[in-house]
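*Asks:* Mind having a look at this structure? Questions to follow.
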Amino acid sequence: MSTADPVTALKGLGLTGLEAEIYVHLLIASPCTGYSVAKGLRKPAANVYKALDTLASKGAVEIEDGKTRQVRPVPYHELLEHLSVGFNRLRDEAAASLAMLPGPEYDHRIYHLHTLDQVMVKCGSMVDSATSMVLADVFPESAELLRPALEASIARGVRVAVRCYAPFILDGAEVQQAQRGARILARWPVQWMNLVVDGQQSIVSVFHNGGGEVIQSFWTSSPALAYVHHSGLIAEIGYSAVRHVLESERSSERMLEAVRAVDAFRGTTVPGLDRLIGDLGLLDRGSEAGGDEMEINDRR
């Protein structure tokens with residue numbers, strides 16, 4: 001992770017360039033007067049005095065209540081706390097205002113995500129919205145990045161199934177480790193993160209190890225694409241479960257248990273399937289023809 005210089009870092013947190021320069025100057029040479037700050041930075045005194053008043057209102061500096069009006073900076077951890085409190089308050093106000101607006105409707109397009117932050121925010125939003133089930137096919141780093149969201153989803157009663165490529169413990173989830181996982185990881189020296197939520201949102205992401213640059217990432221809320229991805233992940237997870245039994249216990253009873261565990265993620269309880277059937281206008285015709293949603297799902 002690159003480290004920005006202090007002025008640039010403070011600008012990124014909402015301070016103006018002059019405010020950041022003043023604060024950093026005061027950390028090095030304080031207490032001092034506003035005039036001394038202006039002289040040290042070679043900035044117009046009027047601009048510096050105005051910026052000091054703003055910094056004081058932001059909790060970044062303390063100004064002596066006396067004739068000399070000496071100025072000193074608050075410790076940086078106090079400043080960061082002030083900025084955090086202010087940001088959280090503004091965020092809550094914005095959330096309350098934005099919640100009153102109609103949200104975007106789902107569509108069938110595929111969208112590119114360009115940074116790992118974008119990918120993780122989108123994944124977190126997807127998992128938070130889950131009402132039925134979450135399926136994931138993830139490499140080790142990806143699995144750990146998703147862990148908090150998956151654990152929260154499990155706590156809400158959402159069913160979670162994960163296919164991993166190294167040991168990964170997730171209480172309350174159906175976890176299957178791919179056979180030859182080490183060989184697969186060696187062949188692909190990157191991180192894969194495949195995620196489907198409720199069969200109606202899907203994301204496929206590939207990024208460099210160590211939380212690096214995103215190589216490719218695609219997200220869609222197309223129920224046709226998401227449900228196909230959903231079905232594919234169930235097949236992969238089921239394959240891993242059955243193969244594990246074949247290579248270890250070779251028990252038909254245990255194999256049936258493994259299949260049933262994965263089968264719980266199929267059927268008419270998948271919201272994406274319901275949406276897809278509705279989009280295709282098959283609900284009425286299916287009932288007229290004597291078919292039902294399970295039959296449509298089975299034909300998938």
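The values are calculated or read from the model by the stated rules, or taken from the named source; none is laboratory data. As the structure is a computational prediction, the values presented were derived from the model and not from experiment. So basically every Cβ, Gly included, is an ideal-geometry build from the backbone, and we count neighbours across all protein chains shown.
*Asks:* Among the candidates ALA226, ALA261, ALA235, single out the residue that is part of a helix (DSSP H, G or I), under 23 Å from TYR165 (Cα atoms) and either at pLDDT below 80 or basic (Lys, Arg) (or both). Walk me through how you get there before you give the answer.
*Replies:* Details: ALA226 fails: either at pLDDT below 80 or basic (Lys, Arg) (or both); ALA235 fails: either at pLDDT below 80 or basic (Lys, Arg) (or both).
Unique residue meeting the criteria: ALA261.
*Asks:* Mind listing whichever residues of segment 54-75 are assigned to a helix (DSSP H, G or I) and in contact with a Pro (Cβ under 9 Å, 6 or more places away or on another chain)?
*Replies:* Our first condition is that a residue be assigned to a helix (DSSP H, G or I); within segment 54-75, this holds for 54-57.
Selection gives LEU55 alone.
*Asks:* Still on this structure, please answer the following. I'd like to check something: does segment 144-154 contain any residue that is charged (D, E, K, R), surrounded by fewer than 20 Cβ atoms within 10 Å (Cβ to Cβ), assigned by TED's automatic domain parsing to the domain that holds GLY272 and touching a Phe, Trp or Tyr at 6+ places or on another chain (Cβ under 9 Å)?
*Replies:* Looking only at segment 144-154, we keep the residues that are charged (D, E, K, R), and these are 144, 147, 151.
Okay, now just the ones that are also surrounded by fewer than 20 Cβ atoms within 10 Å (Cβ to Cβ), so 144, 147, 151.
Applying the additional criterion that residues be assigned by TED's automatic domain parsing to the domain that holds GLY272 yields 144, 147, 151.
Those left that are additionally touching a Phe, Trp or Tyr at 6+ places or on another chain (Cβ under 9 Å): 144, 147.
There is at least one residue in segment 144-154 that is charged (D, E, K, R), surrounded by fewer than 20 Cβ atoms within 10 Å (Cβ to Cβ), assigned by TED's automatic domain parsing to the domain that holds GLY272 and touching a Phe, Trp or Tyr at 6+ places or on another chain (Cβ under 9 Å).
*Asks:* If I filter segment 1-26 down to residues being of a type in the set (Val, Ile, Thr) and at pLDDT 90 or above, which single residue comes out as surrounded by the most Cβ atoms within 10 Å (Cβ to Cβ)? Working first, answer last.
*Replies:* Initially, segment 1-26 is screened for residues of a type in the set (Val, Ile, Thr), giving 3, 7-8, 16, 22, 24.
Applying the additional criterion that residues be at pLDDT 90 or above yields 7-8, 16, 22, 24.
Details: VAL7: 18, THR8: 11, THR16: 13, ILE22: 30, VAL24: 18.
Ranking the qualifying residues of segment 1-26, first place goes to ILE22.
*Asks:* Just checking, does segment 62-74 include any residue being loosely packed, with under 11 Cβ neighbours inside 10 Å and at pLDDT 90 or above?
*Replies:* Within segment 62-74, none of the residues are loosely packed, with under 11 Cβ neighbours inside 10 Å and at pLDDT 90 or above.
*Asks:* Would you mind stating whether MET120 is in the same structural domain as PRO223 (by TED's automatic domain parsing), over 25 Å from GLY238 (Cα atoms) and in contact (Cβ under 8 Å) with a residue 12 or more places away in the chain?
*Replies:* When the stated conditions are applied, MET120 passes them.
*Asks:* What's the number of the condition LEU79 fails, among (1) out of contact with any Gly (no Cβ under 7 Å at 6 or more places or on another chain); (2) surrounded by 10 or more Cβ atoms within 10 Å (Cβ to Cβ)?
*Replies:* (1)
*Asks:* Okay, next question. Out of segment 20-53, which residues are in a loop (DSSP other than H, G, I, E, B) and within 14 Å of GLU64 (Cα to Cα)? Don't jump to the end; show me each part of the working.
*Replies:* So in segment 20-53, the residues in a loop (DSSP other than H, G, I, E, B) come out as 29-31, 33, 42-44.
Matches in segment 20-53: SER30, PRO31, THR33.
*Asks:* Check segment 93-113 and report whether any residue there is hydrophobic (A, V, I, L, M, F, W, C) and surrounded by 16 or more Cβ atoms within 10 Å (Cβ to Cβ). It would help to see each step written out before you state the result.
*Replies:* Step one: of segment 93-113, the residues hydrophobic (A, V, I, L, M, F, W, C) are 94-96, 98-101, 110, 113.
Adding the requirement that they be surrounded by 16 or more Cβ atoms within 10 Å (Cβ to Cβ) leaves 113.
Yes, segment 93-113 contains a residue that is hydrophobic (A, V, I, L, M, F, W, C) and surrounded by 16 or more Cβ atoms within 10 Å (Cβ to Cβ).
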